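All remarks here apply to the structure that follows.
The values are calculated or read from the model by the stated rules, or taken from the named source; none is laboratory data. All of these numbers come straight from a predicted model, not from anything done at the bench. Positions of Cβ are backbone-derived with ideal geometry, glycine not excepted, and every protein chain shown enters the neighbour counts. For the accessible areas, the whole protein counts, side chains as well, though only heavy atoms, and no ligand, DNA or RNA atoms are used. Shrake-Rupley method; radii C 1.70, N 1.55, O 1.52, S 1.80 Å.
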Amino acid sequence: IRFIPDDSRTYRLAQSLEIEHPDGGITRHNGQGFRADADFEPKRDTSTRIVCVGGSTTYGTGVTDNAATYPA
C-alpha cells in the first residue's frame, strides 16, 4: 500500500495516501509522494532545502505521526 512500482527507482512512495492506525495515529503521504501532511511549495531562491535519504529509519517505519519522524 505504501509503495508503488517505479521504472527508474524500482519503487516509490504512493501519492496522497492516508493510513489510520489502531492507536489513533495517521500516516500521510502528500500529493507529491513524500511522507508529509501537505504538498511542498515551490522552493524560493533565498531558501535551502534539506533532503533526508534512507530506508525504514528515515521513513519512520513504526511511527504513526509524521511529525515524530526525524526528517520532520
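Does any residue of segment 43-52 turn out to be modelled with pLDDT of 90 or more, under 16 Å from ILE1 (Cβ atoms) and either not hydroxyl-bearing (Ser, Thr, Tyr) or not in a loop (DSSP other than H, G, I, E, B) (or both)? Checked segment 43-52: no residue is modelled with pLDDT of 90 or more, under 16 Å from ILE1 (Cβ atoms) and either not hydroxyl-bearing (Ser, Thr, Tyr) or not in a loop (DSSP other than H, G, I, E, B) (or both). What number of residues within segment 1-33 satisfy the criterion of being outside any loop (DSSP other than H, G, I, E, B), touching a Phe, Trp or Tyr at 6+ places or on another chain (Cβ under 8 Å) and surrounded by 11 or more Cβ atoms within 10 Å (Cβ to Cβ)? The total comes to 4.
Within segment 53-72, restricting attention to residues that are within 22 Å of PRO5 (Cβ to Cβ) and of a type in the set (S, T, N, Q), which residue is most open to solvent (accessible area, probe 1.4 Å)? My answer is THR61.
Every test in (1) open to solvent by 100 Å² or more (accessible area, probe 1.4 Å); (2) assigned to a loop (DSSP other than H, G, I, E, B) is passed by ALA36 save one, and that test is (1).
Of the residues making up segment 15-32, those that are more than 13 Å from THR69 (Cβ to Cβ) and among the small types (Gly, Ala, Ser) are SER16, GLY24, GLY31. Selection of segment 54-68 for residues being part of a loop (DSSP other than H, G, I, E, B) and either over 11 Å from the mean Cα position of the chain (by Cα) or of a type in the set (S, T, N, Q) (or both) yields GLY54, GLY55, THR61, GLY62, VAL63, THR64.
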